[in-house]
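**Q** Below is the structure I would like to discuss, written out as structure tokens.
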Amino acid sequence: MQSTMEKYARRVENNEVNPVIHYNGLSSGLLLNPLEEEIPLEILGFGILQLSSEPLIQKTGEKEMALVPQDGTFEAEVNGERFKGERQGGPFALGPGKSNASALYVPSNSTLKIHGQGEMAFFEAPALGQQKPFFRSSDEFAVVSRGDWVWRRDVVTLISPAEGSSNLIVGETYSPPGLWSGTPLHRHDRHALESGESDHEEIYYHRFCWKKKTENEIGPYGVQILMDGDRLKKAYLITDRSMVAIPGGCHPVVAAPVSELNYLWGLAGRTNKLAMWDIPEFVHLKHFEEIFKTLAGSRQSKKMTKKKFKELTKPYGFSGEEEALLRTILMEKGYKIG
């Protein structure tokens, strides 16, 4: 959010505040508390519940919650209404292009009682209105492929105001090994809906498919970037169970070629409208995606004349640098231009 960036951007840049926490997989409760001065957030919180047969009781007060099973089973009661679900094998169990995620929404002024076995992640944020509790199972949403080439990923949206929350927007993104997410660059930290941007904070909870490592080995990893082109330009090593508080700006992430990456994300703001503003200098990547789809659907030879290349790019008005980049990418994809 704009106010969060004004408060924290310089402090993050100067290493006074660390937005990354590496979770040990043991503790239970609120782990990113926006009320704590060293957490670069103002309204969005995140935590993990380690479930057992002994019920946990949580009163939401003025906040709403979204809970997403990471592995295991649960039974919950919200204001007398009962819900149950499971996630067996964790977020990578079904393989690429599929998801076994589900989510439970708990409105404000509610009492949550939950027990079970395994790990339950949750987001919380001030509610913008009184809603009803609900549960969405994995067969109630579609996996959507976004981007192309080295910035392709799969996204599922689990909870949003369209489904019944008042503020929280929660989902998961799957990134194949070596690929980028959050690309082309975008941001959502200005309240300017008329120009296509909303004012939201965000949190990522990163999980890697390959977790086993022996002593002194590095294990699976990726890189999380936070930047706004002015006050903030930082990159962080992320590993399995890394949590990242995103006050605003652009926030691309890349998985190393050694493992698949799946990250749970949540957003909250002071409006229930989410609008992501694309950074103009990188919008041509979305036009590249259109060209890739056109070529994939044409079933033509991968040999392309210079004239054909010019005809292909003419409608977009690319600069010389953008054309050169597209040519390089097409060559990497196996096309011969000349």
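The values are calculated or read from the model by the stated rules, or taken from the named source; none is laboratory data. Bear in mind the structure is a predicted one, so any value in this text is a computation, not a measurement. No Cβ is skipped: glycine too gets one built from the backbone with ideal geometry, and neighbour counts run over all protein chains shown.
**Q** Only one of (1) touching a Gly at 6+ places or on another chain (Cβ under 8 Å); (2) surrounded by fewer than 22 Cβ atoms within 10 Å (Cβ to Cβ) is not met by T4, so which one is it?
**A** It is condition (2) that T4 fails.
**Q** State yes or no: is G80 modelled with pLDDT under 95 and either in contact with a helix residue (DSSP H, G or I) (Cβ under 8 Å, 6 or more places away or on another chain) or more than 18 Å from E260 (Cβ to Cβ) (or both)?
**A** So G80 passes the test.
**Q** On the basis of being of a type outside the set (A, V, I, L, M, F, W, C), under 26 Å from P34 (Cα atoms), part of a strand (DSSP E or B) and touching a residue at least 24 places away in the same chain (Cβ under 8 Å), does G61 make the cut? Steps first, answer last, please.
**A** Working: of a type outside the set (A, V, I, L, M, F, W, C): yes; under 26 Å from P34 (Cα atoms): yes; part of a strand (DSSP E or B): no; touching a residue at least 24 places away in the same chain (Cβ under 8 Å): yes.
Spelling it out, it is not the case that G61 is of a type outside the set (A, V, I, L, M, F, W, C), under 26 Å from P34 (Cα atoms), part of a strand (DSSP E or B) and touching a residue at least 24 places away in the same chain (Cβ under 8 Å).
**Q** Also: Where the second residue is assigned to a helix (DSSP H, G or I) and basic (K, R) and the first is assigned by TED's automatic domain parsing to the domain that holds L226 and lies in the stretch 1-18, which pairs have Cβ atoms under 6 Å and are six or more apart or on separate chains?
**A** V17/R11
**Q** OK, next. Quick one: count up the residues across the stretch 86-105 that are touching a Lys or Arg at 6+ places or on another chain (Cβ under 9 Å), not aromatic (F, W, Y) and not in a loop (DSSP other than H, G, I, E, B).
**A** Start the filter on the stretch 86-105 by keeping residues that are touching a Lys or Arg at 6+ places or on another chain (Cβ under 9 Å), which leaves 90-93, 100-105.
Still in the running and not aromatic (F, W, Y): 90-91, 93, 100-104.
Subsequent filtering for residues that are not in a loop (DSSP other than H, G, I, E, B) retains 103-104.
Number satisfying all stated conditions: 2.
**Q** Say we look at the stretch 186-232 and pick out the residues that are among the basic types (K, R), out of contact with any helix residue (DSSP H, G or I) (no Cβ under 7 Å at 6 or more places or on another chain) and in contact (Cβ under 8 Å) with a residue 12 or more places away in the chain; which of these is surrounded by the fewest Cβ atoms within 10 Å (Cβ to Cβ)? Even if it seems obvious, please write down each step before you answer.
**A** Taking the stretch 186-232 and keeping what is among the basic types (K, R), we get 187, 190, 207, 211-213, 231.
Retained after the next criterion (residues that are out of contact with any helix residue (DSSP H, G or I) (no Cβ under 7 Å at 6 or more places or on another chain)): 187, 207, 211-213.
Remaining after also requiring in contact (Cβ under 8 Å) with a residue 12 or more places away in the chain: 187, 207, 211.
Working: R187: 22, R207: 24, K211: 15.
Once the filter is applied, the top-ranked residue is K211.
**Q** I'm told E172 meets every condition in (1) touching a His at 6+ places or on another chain (Cβ under 7 Å); (2) crowded, with 18+ Cβ neighbours inside 10 Å except one. Can you identify the failing condition by its number?
**A** Answer for E172: the failing condition is (1).
Residue-wise test of (1) in the same structural domain as P176 (by TED's automatic domain parsing); (2) under 25 Å from F208 (Cβ atoms); (3) of a type in the set (S, T, N, Q).
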residue: L237; (1), (2), (3): yes, yes, no
residue: S242; (1), (2), (3): yes, yes, yes
residue: P247; (1), (2), (3): yes, yes, no
residue: H251; (1), (2), (3): yes, yes, no
residue: D278; (1), (2), (3): yes, no, no
residue: S298; (1), (2), (3): no, no, yes
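**Q** Then there's this: Go through (1) surrounded by fewer than 17 Cβ atoms within 10 Å (Cβ to Cβ); (2) more than 22 Å from S137 (Cα to Cα) for L44 and report which single condition fails.
**A** In the conditions (1) surrounded by fewer than 17 Cβ atoms within 10 Å (Cβ to Cβ); (2) more than 22 Å from S137 (Cα to Cα), L44 misses (1) alone.
**Q** Next question, about the same structure. Considering only residues that are free of Cβ contacts under 8 Å to residues at least 24 places away in the same chain and either loosely packed, with under 10 Cβ neighbours inside 10 Å or in contact with a strand residue (DSSP E or B) (Cβ under 9 Å, 6 or more places away or on another chain) (or both), which ones fall in the stretch 282-299?
**A** Within the stretch 282-299, G297, S298, R299 qualify.
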